[in-house]
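Pasting a structure below so you can have a look.
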Amino acid sequence: MNTKPFTSGLSENAVTITRVADRQWHALDDDLVVGRGHAEHRPDGRLFVSIDAWHDATFDRLAEAMLAELPTPLYTVVDEADVELTAGWRRAGFTVRRREWEYVVPTDPQITGAEAVLPPSGVTIVPAGQADESLLRAVDRAIRDEVEATVGWQSMPAEVIPRPEGDTIVDPSKYAVAAAPDRYLGLIRVVTVIRPRIGLIAVRAGEQRRGIARALLAHALGTLHRSGFTAAWTEVNESNQAASALFEGVGARPMSSNLELVR
């Protein structure tokens, strides 16, 4: 634990920044906590930072202290509507890396048209919880390798679910898959904590544009509808036009946008 304070400013009442634990900082004003900073590694290995402070000056001092101790590159995610927070990170030297839209996705088949969607010939949808784990891991690994070789996996929505080192399948029961007789062609992951979130939908490169992703999405939305959920949520990178078209095709609407910033 670092007990050496980081003090900024000449005022007698200067806010003091202290690292109180590994990757955790507090801003103190006469022993009152007036701001907090935190850094954590996401499952993809990137280091994300966050700051919660009432005043711009406190934010800036926390950022200065944290950035002096943390390695780069550093990332953070902000609600684009939060102009003040975005400005704070820009003052700290962060720039916009990408924009991610959050969509609300209806589940009612009268809206989505999901009941009329069938997988292509020779492909079946295996419901969540029934997939063969070894085949599931194989298709996940193949798709990740394909994405990494092209746009890079970091272009995908940030993965926030903790998982063991080197294990990219968090919970096999959360995945439905599109299956050919000898292998899996695509997958969709839906996790429900407070609300259902479609965290990943992907198809092997050689099997795309056959309607497999749409069939996977239709299956997942139908399952959620039968479970009593009226809507799901998902995030789509602004540059991923195919994913935007897929979700908008079932009636999804963009509700807000997040900015991923990098320094």
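Can you give the FRET efficiency for residue 145 and residue 233, using 1/(1 + (r/R0)^6), R0 = 30 Å, r = Cβ-Cβ distance, to the nearest 0.05?
It comes out at approximately 0.65.
Right, another one. How much FRET efficiency would the formula 1/(1 + (r/R0)^6) give for residue 115 and residue 171, where r is the Cβ-Cβ distance and R0 is 22 Å, rounded to 0.05? Mind showing how you got there, number by number?
On the way: r = 28 Å, r/R0 = 1.26.
Efficiency for this residue pair is about 0.20.
Now for a different question. How far apart, in nm, are two points set 7 Å out from the Cα along the Cα-to-Cβ line at residue 194 and at residue 54?
For residue 194 paired with residue 54, the spin-label model returns 2.4 nm.
In nm, to one decimal, how far is the modelled label at residue 47 from the one at residue 30, with both set 7 Å along Cα→Cβ?
That separation, rounded to one decimal, is 3.5 nm.
Also, I was wondering about something else. Could you work out how much longer the chain between residue 135 and residue 209 gets when fully extended? Use 0.36 nm per residue separation minus the Cα distance between them, nm to one decimal. Don't jump to the answer; show the numbers that get you there.
Values: separation 74, 0.36 × 74 = 26.64 nm, distance 2.17 nm.
So the chain would gain 24.5 nm between residue 135 and residue 209.
Sequence gap at least 6, Cα distance under 8 Å: using those rules, report the relative contact order of the chain to the nearest whole percent. Mind dumping the intermediate values first?
Details: 490 pairs, mean separation 66.0, N = 263.
Once normalised by length, the contact order is 25 percent.
Pick from 37, 88, 122 the residue whose mean-square fluctuation is largest in a GNM of the chain, springs joining Cα atoms under 10 Å.
Maximum fluctuation in the GNM of the chain, among the listed residues, is at 122.
Which shape class, rounded, prolate or oblate, goes with segment 221-263 when its Cα gyration tensor gives a ≥ b ≥ c as root eigenvalues, a/c under 1.5 marks rounded, and past that a/b bigger than b/c marks prolate?
Details: a/c = 3.01, a/b = 1.87, b/c = 1.61.
Prolate shape, in that a/c is at least 1.5 and a/b is the bigger ratio.
Then there is this: GNM, the chain, Cα, under 10 Å: largest mean-square fluctuation among 196, 120, 172?
120
Accessible area per residue of the chain at 1.4 Å probe, in Å²? Write out the running numbers ahead of the final one.
Details: 13880 Å² over 263 residues.
Here the residues of the chain average 53 Å² of exposed surface.
Right, here's the next one. Residue-wise, which Karplus ³J(HN,Hα) couplings in Hz belong to segment 94-104, taking 6.51 cos²θ - 1.76 cosθ + 1.60, θ = phi - 60°, and x for glycine or proline?
Computed from phi, the couplings for segment 94-104 are 7, 10, 6, 9, 6, 10, 10, 8, 9, 9, 9 Hz.
Identify which of 244, 50, 121 has the largest mean-square fluctuation in a Gaussian network model of the chain, with springs joining Cα atoms closer than 10 Å.
Of 244, 50, 121, the Gaussian network model singles out 121 as fluctuating most.
From the phi of every residue in segment 109-115, what ³J(HN,Hα) in whole Hz does the Karplus formula 6.51 cos²θ - 1.76 cosθ + 1.60 yield, where θ is phi - 60° and glycine or proline is x?
With coefficients 6.51, -1.76 and 1.60, one gets x, 5, 9, 7, x, 5, 5 Hz.
Here is a follow-up. By how many nm would the segment from residue 248 to residue 22 grow when fully extended, if each residue of separation counts as 0.36 nm and the alpha-carbon distance is taken off? Don't jump to the answer; show the numbers that get you there.
Details: separation 226, 0.36 × 226 = 81.36 nm, distance 4.23 nm.
That works out to 77.1 nm of additional length.
Hey, another quick one. Dipole of the chain (Lys/Arg Cβ +1, Asp/Glu Cβ -1, origin at the Cα centre): which of 211, 147, 199 lies farthest to the positive side?
Among 211, 147, 199, the one farthest towards the positive end of the dipole of the chain is 211.
Mind putting a number on the dipole of the chain about its Cα centre? Charges go on the C-beta only, +1 for Lys and Arg and -1 for Asp and Glu, and I need it in Debye to the nearest 20.
Numbers: 28 positive and 36 negative charges, 156 e Å.
It comes to approximately 740 debye.
Using a probe of 1.4 angstrom, how much of the accessible area of segment 53-144 is carbon and sulfur, in percent?
Of the solvent-accessible surface of segment 53-144, carbon and sulfur hold 53 percent.
Okay, next question. Find how much the distance from residue 40 to residue 95 grows on full extension, using 0.36 nm per residue of separation minus their present alpha carbon separation; answer in nm with one decimal. Spell out each step's value before the answer.
Values: separation 55, 0.36 × 55 = 19.80 nm, distance 1.92 nm.
Separation in residues times 0.36 nm, less the Cα-Cα distance, equals 17.9 nm.
Let me ask something additional. By its C-alpha gyration tensor, with a ≥ b ≥ c as the square roots of the eigenvalues, how is segment 183-256 shaped: rounded for a/c under 1.5, else prolate for a/b larger than b/c, else oblate?
Since a/c reaches 1.5 but b/c is at least a/b, the shape of segment 183-256 is classed as oblate.
Pop out the ³J(HN,Hα) list for segment 14-28 in order, Karplus 6.51 cos²θ - 1.76 cosθ + 1.60 with θ = phi - 60°, rounded to Hz; leave Gly and Pro as x.
Couplings: 4, 5, 9, 9, 10, 7, 9, 6, 4, 6, 9, 10, 10, 9, 10 Hz.
Using modelled backbone amide H atoms (1.01 Å from N, in-plane), which distant-in-sequence or interchain residues come within less than 5 Å of residue 250's amide H?
Here nothing satisfies the definition.
The values are calculated or read from the model by the stated rules, or taken from the named source; none is laboratory data. If you're wondering where the values come from, they're calculated on a predicted model, not measured in any experiment. Because the Cβ atoms are built from the backbone with ideal geometry, glycine has one as well, and the counts that use them run over all protein chains shown. Accessible surface is based on the protein model in full, side chains and every heavy atom, while ligands, DNA and RNA are left aside. Shrake-Rupley method; radii C 1.70, N 1.55, O 1.52, S 1.80 Å.
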